1. Would you work out which of N14, L35, T77 lies farthest towards the positive end of the dipole of the chain, given +1 charges on the beta-carbon of Lys and Arg and -1 on that of Asp and Glu, about the Cα centre?
2. Nearest 20 debye, what's the magnitude of the dipole of the chain about its Cα centre given +1 on Lys and Arg Cβ and -1 on Asp and Glu Cβ?
3. Starting from the Cα coordinates of the range 40-83, work out the convex hull volume and express it per residue in Å³.
4. Report the full-extension gain for the segment R10 to D56: residue separation times 0.36 nm, less the Cα-Cα distance, to one decimal in nm.
5. Report D for the chain in µm² per second (integer): Stokes-Einstein, Kirkwood Rh on Cα pairs, 37 °C, 0.692 mPa s.
6. Determine the alpha carbon to alpha carbon distance for each of K47/K75; K18/K57; K26/K73; K5/K61; K17/K61; K22/K75 and list only those over 18 Å.
7. Mind putting a number on the dipole of the range 40-83 about its Cα centre? Charges go on the C-beta only, +1 for Lys and Arg and -1 for Asp and Glu, and I need it in Debye to the nearest 20.
8. Report the gain in length on full extension from K26 to H65: 0.36 nm times residue separation, minus Cα-Cα distance, nm rounded to one decimal.
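Since every read-out is calculated from the coordinates, none of them should be taken as a lab result. Given the structure is predicted, the values throughout are model-derived calculations rather than measurements. FYI the Cβ positions are ideal-geometry reconstructions off the backbone, even for glycines, and counts take in every protein chain you see.
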Amino acid sequence: MANHKSALKRIRSNEAKKLRNKYQHKTARNAVRDLRVLEDKAEAEGKLVNVISMLDKLAKKNIIHKNKAANLKSKLTKHVAAL
């Protein structure tokens, strides 16, 4: 158990950040999955912009690695272009 007030606060803040990061990561994964299922090109192009934005934000905050974000964006862009 932590002995300092600052350590206790760090434990609380880390837990809050963990929950926020987990929520954002899961939301982005669901958005990627939903985009892969789409068959309508116009709808997919509209959704692609939002998904790319989500991935960029996750990479910026180090929730996912920047290369993983780049790979996902590349694959999704190819998928939408092929529709």
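1. Value computed over the given set: N14.
2. Roughly 720 debye for the chain.
3. Output value, Cα hull per residue: 46 Å³.
4. Residue separation times 0.36 nm, minus the Cα-Cα distance, leaves 13.9 nm.
5. Taking Rh from Cα pairs, D becomes 230 µm²/s.
6. K5/K61; K22/K75
7. About 300 debye.
8. Going from the current span to full extension adds 12.6 nm.
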